[in-house]
1. Using the structure shown, decide if residue B:177 is surrounded by 22 or more Cβ atoms within 10 Å (Cβ to Cβ), modelled with pLDDT under 95 and either at the interface with another protein chain (Cβ under 10 Å from one of its Cβ atoms) or in a loop (DSSP other than H, G, I, E, B) (or both).
2. So if I check each of B:106, B:142, B:62, which one is at pLDDT 95 or above, within 14 Å of chain A (Cβ to nearest Cβ) and under 14 Å from the mean Cα position of the chain (by Cα)?
3. Looking only at region A:203-231, filter to residues that are surrounded by fewer than 17 Cβ atoms within 10 Å (Cβ to Cβ) and at pLDDT 75 or above; which one of those is nearest to the other protein chains (Cβ to nearest Cβ)?
4. Output the residues belonging to region A:171-189 that are in contact with a strand residue (DSSP E or B) (Cβ under 9 Å, 6 or more places away or on another chain) and either over 22 Å from residue A:91 (Cβ atoms) or part of a loop (DSSP other than H, G, I, E, B) (or both).
5. Being within 12 Å of chain B (Cβ to nearest Cβ) and touching a strand residue (DSSP E or B) at 6+ places or on another chain (Cβ under 7 Å), is that true of even one residue in region A:34-50?
6. Is there any pair linking a residue in region A:129-157 that is under 13 Å from residue A:185 (Cα atoms) to one that is assigned to a loop (DSSP other than H, G, I, E, B), with Cβ under 7 Å and at least six apart or on different chains, and which?
7. Can you tell me how many residues within region B:137-160 are touching a residue at least 24 places away in the same chain (Cβ under 8 Å) and out of contact with any helix residue (DSSP H, G or I) (no Cβ under 7 Å at 6 or more places or on another chain)?
8. Answer with yes or no whether residue A:168 is closer than 25 Å to residue B:158 by Cβ and out of contact with any strand residue (DSSP E or B) (no Cβ under 6 Å at 6 or more places or on another chain).
């Protein structure tokens, strides 16, 4: 009996110490209700939340507002403009289903994050720079579009990287887990549908042509030196470096020169059901 | 003076005028040292990105900021740093408001990023001509020539590619995680 009282006393002391070190007890997480389709014509506005910030990242509510420094857990309303500096990045949770990682020297606007009936509608505009996007499927239809100065990209639940600069224009790279024709890239003249880790850019919009040139003309741009490969910060990834493929080459080298480029596959009736989202 | 001579004079003036570099009305470099905070720097990058042609002062400041060098509070200090780093020759002058030439910018980028180039550039060193060729080849420049002017958005693309090169590629990859 004496031992039991001692244990209870210790537990109480530990709990008291925890509550004093953290200041106030953490609020209980509320169970978020699952998103259900709204009646036709009804809309619901979502927000974006800052998940991670590194370096100089600023945002403003609209074009007339003043720039403010962003911090983790800041809430951004639709219409926000975000800019990142050199060696900086920010990760945003946009609405209920999308995550965006905005890379260095990028200017992004998020004018719309709404649920319109049974569709989650998100619009992102990228003036220049680079960002990774993951739009997950959550049971509702997804209408996620990214606009660049030369193209518009529409996705229906997938992950990809998009970048735009004045020299190389728009470039899109999917990930191997993407479903068939998950990304639709609309250029001024062409329309391309991307599956899996297909690439598309202003020069070669069609993924098959893009893959052909990427395979036969190995660019020596952004040369990956042995020192870079040995750098522990540089990890081979599935996606690699988009602009010139050297990151992918580095990943291939590290993985024993196994090329990870797949030709685009036209959809067929025998196509197995997509299994991209785990 | 007959009409033929007048025509020759006008033609000569036009040719001389066409060969001289354009001078811009203003630059976006923060002249006020008190505005050297991160908001001022980001405003500077935003302003540069919108320029149709970048002047020497802005290009110099952009390069100094990009490569973590002190931009200084005067044009003379910035130019002295550029000379010291080998971006421009001692006898070269950079008029602050004149449009920046791609040549010296490419040379500066090659020096700071350690781009060695091909055989000629390795033998002769980072000359403007070969630096531009090298950066064109890498796709960092849009098939430019050393005497061309560079727009702000092109300069941003060039510096972005240089940053990727020195940092070993793109940063964290969210999309790769399935």
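1. So residue B:177 fails the test.
2. B:106
3. Checked region A:203-231; the qualifying residue nearest to the other protein chains (Cβ to nearest Cβ) is A:203.
4. Passing the criteria: A:175, A:177, A:178, A:179, A:180, A:181, A:182, A:184, A:185, A:186, A:187, A:188.
5. The answer is no; no qualifying residue exists.
6. Matching pairs, first to second residue: A:150/A:188; A:150/A:202; A:155/A:182; A:156/A:182.
7. 2
8. Against the criterion (closer than 25 Å to residue B:158 by Cβ and out of contact with any strand residue (DSSP E or B) (no Cβ under 6 Å at 6 or more places or on another chain)), residue A:168 qualifies.
The values are calculated or read from the model by the stated rules, or taken from the named source; none is laboratory data. Please read all numbers here as calculations on a predicted model, not as lab measurements. Heads up, the Cβs are rebuilt from the backbone with ideal geometry, glycines too, and the neighbour counts pull from every protein chain shown.
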